[in-house]
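What follows is a set of notes on a single structure, which appears directly below.
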Amino acid sequence: MTTSLYWLTSDLRLDDNPALVRAAQADSLICVYCIDQRWFKPHRYHVSSMGTHRWRFLRQSLDTMAEQLRIRGQFLQIRYGLPEQQLAELIRRHKVQRLICSRQIASDELRILKFLSQHFPELIIEQVDTATLFDTGSFDISLETLRKGFTPYRKQVETLSVPEPLQAPGSLPRAPLQVVPDQSLPDWIPKRYQQSGSGSADFIGGENAASEHLEAYFNSDLPSDYKNVRDQLDDWENSSRLSPWLAAGCLSPRRITKRLLRYEQQKGANESSYWLYFELLWREYFHWLALAQKDSLFQLKGLRSRPPHACLHPERYRKWCHGNTPWPLVNACMRQLQATGYLSNRGRQIAASCFVNELGMDWRYGAAWFEHMLIDFDVASNWGNWQYIAGVGVDPRGGRHFDLAAQASKFDVDGMYVRRWAPHTPDSALDSVDAADWPIG
Ligand SMILES: Cc1cc2nc3c(=O)[nH]c(=O)nc-3n(C[C@H](O)[C@H](O)[C@H](O)COP(=O)(O)OP(=O)(O)OC[C@H]3O[C@@H](n4cnc5c(N)ncnc54)[C@H](O)[C@@H]3O)c2cc1C
């Protein structure tokens, strides 16, 4: 009798989930999701990884996943604590022979897998590609090749056809025991997370909401205009808004691509519809890059040989985070992010460029704030895009410096965006100057 353990991470779906299909090849199956205690503790960048927007979305996604598994005679265990301990306990108790999970790219999760392989040398650990269009091994994903830039990579993968998405399994092996779920949250989850309620109706976590949103988007004509409007700062309809579901794994990129192809067959392909695929390839590029570059994703120097000049200035940092800088456009971006957990790609670029260039700060503090705030946080896309803007990633132009006045006059012509999100921006200087700070005489 074989017992497999499926460790769910950013793959909260049944549809097109090759890890679940692989895990189901067993007599008995344990499905577990671990809420990591470390997500809620402020780390070296003085903020915790998990923010309330993403937490709400995650809880909704887990509820849907638990219900989908229940319908198929399975059970989702949600465990709180340190994943390495939680998983080790299950492996020991149920004499688990195989652990299956999605391919991990972040160092924390890779350390968990290393811990398990050291403590259970007999355990077979299988990492499965669930977050990408293509599998590892379909093409060259070495750092050396990826460093050549996005365009050579894109040309390589555009010759490949995207594999068909898998159907959700109709039934699954039984769990070894039925554990009564404990719904109470541990006290290391701060109170404000427990009260985060149902939140904004814009993004509802879970596979069902994901497929409803996918259908609504592709039943409209919006994809045919995507490229023309994707750079706008606000408005639900300017881009696909698929990112939170992609990041939590409620939706697979293969399913999106399949739906996009159907759209093109029905309504015709154009540059805009192609551009959606182009952006999915960017997402994928950052994913492979993160996998290849390992810990340098989180280092100040990134892929460069020397770190850039950067400082840590707490007052500037606070002002940027809360939208109190001298730049109304940046303030509007930061306040929208804080209020909703979402920011357009243009808004993210503007806020990140200001952080790196006008504020001269260590880019990793900005990336960590985004990680905490974003409802669609994805380690590869977030840290990779930050590196790109800070000039320590793969950008052949060596970083991006956006002219904030020019951005405002181009993307917020009538000032509507600033009026909506930061109507009462204080007229503050970037740094407070106090005579007492200066030596006298
Ligand atoms: C500083 C910075 C941080 C970012 N952090 C994240 C993050 O944590 N999570 C995240 O999903 N995206 C991140 N992005 C990328 C991008 O801003 C978002 O994916 C996009 O705004 C999400 O909205 P959408 O789904 O409507 O995108 P659309 O414009 O509709 O694009 C469709 C999909 O393509 C992918 N995509 C689009 N642009 C990018 C890009 N520049 N890089 C990678 N993938 C892209 C996303 O999966 C997106 O859902 C970041 C960008 C910047 C500049």
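Given the criteria outside any loop (DSSP other than H, G, I, E, B) and in the same structural domain as LYS294 (by TED's automatic domain parsing), does THR145 qualify?
Yes: the conditions hold for THR145.
Kindly list, by first and then second residue, each pair from a residue in region 368-391 that is more than 7 Å from the ligand (Cβ to nearest atom) to a residue that is of a type in the set (Lys, Arg) and open to solvent by 20 Å² or more (accessible area, probe 1.4 Å), limited to pairs with Cβ atoms under 7 Å and residues at least 6 apart or on different chains.
Partner pairs satisfying both residue conditions: ILE375/ARG54.
Being at pLDDT below 95, over 21 Å from PHE286 (Cα atoms) and either open to solvent by less than 50 Å² (accessible area, probe 1.4 Å) or part of a helix (DSSP H, G or I) (or both): is that true of ALA436 here?
yes
Every residue, every condition in (1) away from the ligand (no atom under 11 Å from the Cβ); (2) surrounded by fewer than 19 Cβ atoms within 10 Å (Cβ to Cβ), yes or no:
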| position | (1), (2) |
| --- | --- |
| PHE203 | no, no |
| VAL229 | no, yes |
| LEU261 | yes, yes |
| GLN266 | yes, yes |
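Consider LEU251 carefully, then state whether it is within 12 Å of the ligand (Cβ to nearest atom) and open to solvent by 20 Å² or more (accessible area, probe 1.4 Å).
Taking the combined requirement at face value, the residue does not satisfy it.
Among (1) closer than 21 Å to LEU172 by Cα; (2) open to solvent by 10 Å² or more (accessible area, probe 1.4 Å), there is one condition ASP108 misses while meeting the rest; what is its number?
The one condition ASP108 does not meet is (1).
I need a count of the residues in region 270-291 that are farther than 17 Å from TYR217 by Cβ and open to solvent by 20 Å² or more (accessible area, probe 1.4 Å).
Total meeting the criteria: 4.
Spot the failing condition for ARG56; the list is (1) more than 25 Å from ASP129 (Cα to Cα); (2) part of a loop (DSSP other than H, G, I, E, B); (3) open to solvent by less than 50 Å² (accessible area, probe 1.4 Å), and only one is missed.
For ARG56, the failing item is (2).
Would you pick out the residues in region 31-77 that are touching a strand residue (DSSP E or B) at 6+ places or on another chain (Cβ under 7 Å) and small (Gly, Ala, Ser)?
Those that are touching a strand residue (DSSP E or B) at 6+ places or on another chain (Cβ under 7 Å) and small (Gly, Ala, Ser): ALA66, GLY73.
From (1) modelled with pLDDT under 95; (2) open to solvent by 30 Å² or more (accessible area, probe 1.4 Å), pick out the condition that doesn't hold for TYR45.
Against the list (1) modelled with pLDDT under 95; (2) open to solvent by 30 Å² or more (accessible area, probe 1.4 Å), TYR45 comes up short only on (2).
Which of the residues that make up region 231-243 are without any contact (Cβ under 8 Å) to a residue 60 or more places away in the chain and within 6 Å of the ligand (Cβ to nearest atom)?
SER240, LEU242
Under 6 Å between Cβ atoms, which residue pairs at least 6 apart in sequence (or on different chains) link something in region 151-168 that is open to solvent by 40 Å² or more (accessible area, probe 1.4 Å) with a partner that is modelled with pLDDT under 95?
GLN156/PHE139
So which of GLU158, GLU164, GLU212, GLU144 is under 20 Å from ARG59 (Cβ atoms) and among the acidic types (Asp, Glu)?
GLU212
Can VAL394 be described as over 14 Å from the mean Cα position of the chain (by Cα) and touching a residue at least 24 places away in the same chain (Cβ under 8 Å)?
yes
The values are calculated or read from the model by the stated rules, or taken from the named source; none is laboratory data. The model shown is predicted, which means the values in this text are computed figures rather than measured ones. A quick note on method: Cβ atoms are made from the backbone with ideal geometry, for glycine too, and the neighbour counts reach across all protein chains shown. For accessibility, only protein heavy atoms count, side chains too; no ligands or nucleic acids. Shrake-Rupley method; radii C 1.70, N 1.55, O 1.52, S 1.80 Å.
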